[in-house]
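The values are calculated or read from the model by the stated rules, or taken from the named source; none is laboratory data. If you're wondering where the values come from, they're calculated on a predicted model, not measured in any experiment. Every residue, glycine as well, gets a Cβ built from its backbone with ideal geometry; the counts of neighbours run over all protein chains shown.
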């Protein structure tokens with residue numbers, strides 16, 4: 001999973017707005033090989049580290065966004081960035097041709113990729129939206145947004161490295177139930193191309209010293225790596241690169257930044273994903289998708305609790 005992360009790449013320069021509203025941001029090449037931070041057990045506040053580390057999360061992956069671009073993103077500390085994807089339900093054949101096993105999933109763990117030069121641990125906050133239209137702003141939505149749940153603030157290592165950190169939510173009731181295919185705001189499989197089957201997940205980070213920090217850009221390499229593979233509904237990998245990684249199901253070349261930090265709220269990208277460099281090679285421009293895995297037990301679903309819905313009316 002980690003071996004494909006380190007690739008040579010140049011900095012993508014800050015530029016301008018596009019005709020459809022995305023603002024272009026800079027991306028930086030990874031600081032070095034991506035390190036495994038281990039598993040943080042949110043319910044107990046303890047770590048499990050080492051090659052044999054395991055937890056009660058999973059055993060299945062329902063969302064996978066881990067094909068590396070060789071870059072990470074910077075520039076909006078203190079603001080929530082919201083990325084998107086699709087959790088397929090039992091009526092959604094998606095790009096893999098296989099429907100999902102449930103219509104709601106209990107997320108019992110996540111794995112997130114990031115880089116930081118901060119000298120102290122970085123605090124992260126994660127929010128899950130099972131109803132979310134890509135590039136919408138939860139603070140001032142143009143569409144219906146449903147908050148499925150949030151993860152308590154966690155402090156993750158920094159120190160001038162890139163990391164993947166796994167959060168075990170299986171203890172003390174921190175699992176998050178997420179409806180498939182757009183949640184309660186657009187229940188059931190829509191398939192219209194309007195983004196009504198999407199979910200969103202938001203990440204906000206803060207440092208004590210302003211050290212450059214940001215998410216690893218991964219999971220949007222649709223030229224070479226198909227969507228939705230290495231998951232419970234499509235376990236096999238078919239990419240010609242021979243890598244055990246996947247582009248995110250429902251990945252779009254954009255993400256939202258909400259209010260709170262140095263950048264104005266809006267829709268952002270890194271200059272239009274382009275990879276004509278061959279299988280497994282770094283792209284000319286990285287896609288605007290972040291590294292993230294969701295773990296679940298696909299043998300059983302979950303019922304939605306009373307969640308928080310924000311609408312444009």
### Message
Among the residues of region 128-150, what is the count of those that are surrounded by 19 or more Cβ atoms within 10 Å (Cβ to Cβ) and assigned to a strand (DSSP E or B)?
### Response
9
### Query
So which strands (runs of 3 or more DSSP E) are wholly in region 46-85 and hold at least 3 residues that are closer than 30 Å to residue 210 by Cβ?
68-73
#### Entry: Total residues in region 156-189, condition touching a strand residue (DSSP E or B) at 6+ places or on another chain (Cβ under 8 Å), assigned to a loop (DSSP other than H, G, I, E, B) and under 25 Å from residue 50 (Cα atoms)
9
### Task
Might you check whether a residue that is modelled with pLDDT under 90 and assigned to a loop (DSSP other than H, G, I, E, B) occurs anywhere in region 208-215?
no
### Query
With 301, 250, 271, 280 as the choices, which residue is out of contact with any strand residue (DSSP E or B) (no Cβ under 6 Å at 6 or more places or on another chain) and either crowded, with 22+ Cβ neighbours inside 10 Å or at pLDDT below 95 (or both)?
280
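Criterion first (crowded, with 21+ Cβ neighbours inside 10 Å, farther than 17 Å from residue 295 by Cα and modelled with pLDDT under 95) does residue 158 satisfy it? Even if it seems obvious, please write down each step before you answer.
Numbers: crowded, with 21+ Cβ neighbours inside 10 Å: yes; farther than 17 Å from residue 295 by Cα: yes; modelled with pLDDT under 95: no.
No; evaluated as a whole, the condition is false for this residue.
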### Task
Looking at (1) crowded, with 21+ Cβ neighbours inside 10 Å; (2) under 21 Å from residue 231 (Cα atoms), find the lone condition where residue 71 falls short.
(2)
### Query
Which residues, taken from region 265-275, are in a loop (DSSP other than H, G, I, E, B) and either free of Cβ contacts under 8 Å to residues at least 40 places away in the same chain or closer than 16 Å to residue 218 by Cα (or both)?
270, 271, 272, 273, 275
